[in-house]
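Here is the structure we will look at, set down as structure tokens.
The values are calculated or read from the model by the stated rules, or taken from the named source; none is laboratory data. If you're wondering where the values come from, they're calculated on a predicted model, not measured in any experiment. Here the Cβ is made from the backbone with ideal geometry for all residues, glycine too, and neighbour counts use every protein chain on show. For accessibility, only protein heavy atoms count, side chains too; no ligands or nucleic acids. Shrake-Rupley method; radii C 1.70, N 1.55, O 1.52, S 1.80 Å.
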Amino acid sequence: NWPDYVFEDGYVLRPLSEVDGFIKKNGHLPEIPKASEVETKGIALGEMNKLLLKKVEELTLYLIERDKELQRQRQVIDVLGSELAEVRSLLNDAQ
């Protein structure tokens, strides 16, 4: 059960605000054991590697989402910049 399933269409990423709230409340990432638990019980390295890979893959998806959002914002800024230039030009012509 390698975590490549996070790249499948049906996989739902937690909203970052939810992850933030979890971290603030619990002091660690969701699905990752807290330090005190690891200190007392230990941890299976293979399982931890799988969990860490899942988190890396989720981070990659978050970054892809942010990049798409940034590209959309750049497009809007470019349009607004063009419209502002047109308005300035019209105002200068009217004077």
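Observations on the model:
- Close contacts from segment 56-68, counting a first residue that is within 13 Å of Y5 (Cα to Cα) and a second that is open to solvent by 40 Å² or more (accessible area, probe 1.4 Å) and acidic (D, E), with Cβ to Cβ under 9 Å and a gap of 6+ residues or different chains, come to E57/D4.
Residue-by-condition table, conditions (1) in contact with a helix residue (DSSP H, G or I) (Cβ under 9 Å, 6 or more places away or on another chain); (2) without any contact (Cβ under 8 Å) to a residue 12 or more places away in the chain; (3) surrounded by 10 or more Cβ atoms within 10 Å (Cβ to Cβ):
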| residue | (1), (2), (3) |
| --- | --- |
| E8 | no, yes, no |
| S17 | no, yes, no |
| G21 | no, yes, yes |
| K24 | no, yes, no |
| L29 | yes, no, yes |
| P33 | yes, yes, yes |
| E37 | no, yes, yes |
| G46 | no, yes, no |
| K50 | yes, no, yes |
